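Below is one structure, written out as structure tokens; the observations come after it.
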Amino acid sequence: MKASALILPFARTIAVLAIASPAFALKYAPPQYHIPVDPSIPSWQPGQLTTVPEEEFNIVGADIMDEMAMGWVKLFRQAYPRLSVTLEARSSGSGVPALTAGRAHVSPVGREHMPAELDGFVKKFGYRPLEIKVATGSLTSLGKTATTIVLVSKDNPIKGLTFAQLDAMYTTTRNRGHADIKTWGDVGLTGEWASMPIHLYGLRPPNGIEQFFKNVVCQGGDWKPGIQNVKGQGFTHAFTVASHDMATNKGGLTYALLPNVTPDVKVVPLAEKEGDPFIAPTVDTIYNHTYPLSRYVYIYVNRPPGKPLEPKIKEFLKLVLSREGQEQVAMDGVYMPLLPEVVRQELAKLE
């Protein structure tokens with residue numbers, strides 16, 4: 001299902017809105033769009049749970065997901081009034097550690113887990129936490145899993161880049177098999193651009209945006225030396241510093257977020273593989289995950305391999321992945337509901 005026609009004008013004007021947006025991470029963001037939940041997603045039929053009065057069900061994790069999480073809590077409490085359902089919305093970084101410490105039954109996390117978080121869990125239990133996609137990230141809201149993009153100078157004539165090309169620019173390992181790329185001529189530009197070195201910007205690890213780009217685009221490869229680790233008033237503002245720097249450093253390239261777009265730069269359409277069409281980030285391409293750097297947000301749970309989920313955990317996840325649960329995502333208006341095929345894939349993980 002595609003995003004509604006009402007969304008498309010917003011998609012066409014997203015570059016203008018991004019330029020005007022302040023580069024500050026948001027704990028709350030006003031609704032940006034209204035994407036209806038696909039009607040083919042099944043409704044939730046609460047199953048029977050055997051509980052005792054005041055039995056706890058504890059949710060610990062991302063404060064940036066609290067709006068839709070509170071909606072899930074309300075529905076779960078209505079269905080199971082004997083359960084004491086608590087929501088501790090601190091940060092994404094609190095989620096997996098709370099599972100490790102045994103303080104949470106489920107942990108909403110507004111990004112992929114960080115290496116240190118995963119290492120602590122695996123060290124204690126000997127296996128990885130179960131990862132469930134529960135919503136699509138936002139398009140432009142800083143702090144709300146905003147879409148990762150690639151920026152170059154506004155004068156750069158490049159029409160698009162592949163993941164293999166970006167990997168060859170950024171890493172020494174070049175896990176995607178492309179030859180090393182050092183100049184804009186190496187990706188086909190001519191004239192004054194042919195010999196111009198590619199000047200790379202990035203964030204000092206570990207960071208959620210840096211980790212996402214490294215894992216998805218570069219398949220976990222090793223960064224090249226010489227990447228300019230930009231600094232600013234918070235990591236989100238750092239990308240804006242890089243954007244402004246490209247006014248004079250025209251060979252520059254950085255991964256960034258849409259609110260970091262300035263008049264000095266432009267967004268590069270991307271393709272995951274050679275031969276794929278180059279796709280620009282819009283509401284429609286993010287919702288449908290045709291833009292190759294579309295993101296998800298997650299719930300993590302502690303499930304030992306080969307063992308069933310605890311019934312109340314399974315029932316909560318079924319709620320989140322139901323039509324009613326995804327309607328809470330849609331009402332948030334910042335994150336986006338899941339596609340039906342993703343819901344089916346995630347429900348299969350519960351069995």
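Per-residue ellipticity at 222 nm, computed for the chain from helices alone with -39500 (n - 2.57) per DSSP H run of at least four residues, works out to -8500 deg cm²/dmol. I'd like the distance between the alpha-carbon centres of segment 291-351 and segment 28-80, rounded to an integer number of Å. Taking the Cα centre of each part, segment 291-351 and segment 28-80 sit 10 Å apart. Relative to one another, the C-alpha centroids of segment 171-220 and segment 236-283 are positioned 13 Å apart. Taking Cα centre as origin and charging only the Cβ of basic (Lys, Arg, +1) and acidic (Asp, Glu, -1) residues, the dipole magnitude of the chain rounds to 280 debye. Beyond 19 Å, the tail of the calculated P(r) for segment 148-280 holds 45 percent of the Cα pairs. The fraction of all Cα pairs in the chain landing in successive 10 Å bins from 0 to the largest distance is 5, 24, 32, 23, 12, 3, 1, 0, given as whole percents. Assuming R0 = 45 Å, can you tell me the calculated FRET efficiency for the pair E310 and A194, based on Cβ-Cβ distance, to the nearest 0.05? With R0 = 45 Å, the Cβ-Cβ based efficiency is 0.15.
Taking each residue as 0.36 nm, the span from R128 to E88 lengthens on full extension beyond its C-alpha to C-alpha distance by 12.2 nm. Place a point 7 Å from the Cα of Q45 along the Cα-to-Cβ direction; which residues of segment 283-318 have their backbone N under 16 Å from it? 315, 318, by backbone N distance to the label point.
No lab work stands behind these numbers, since they all come straight from the coordinates. Since we're looking at a predicted model, the values are computed, not measured. Cβ atoms come from the backbone with ideal geometry, glycine included; neighbour counts cover every protein chain shown.
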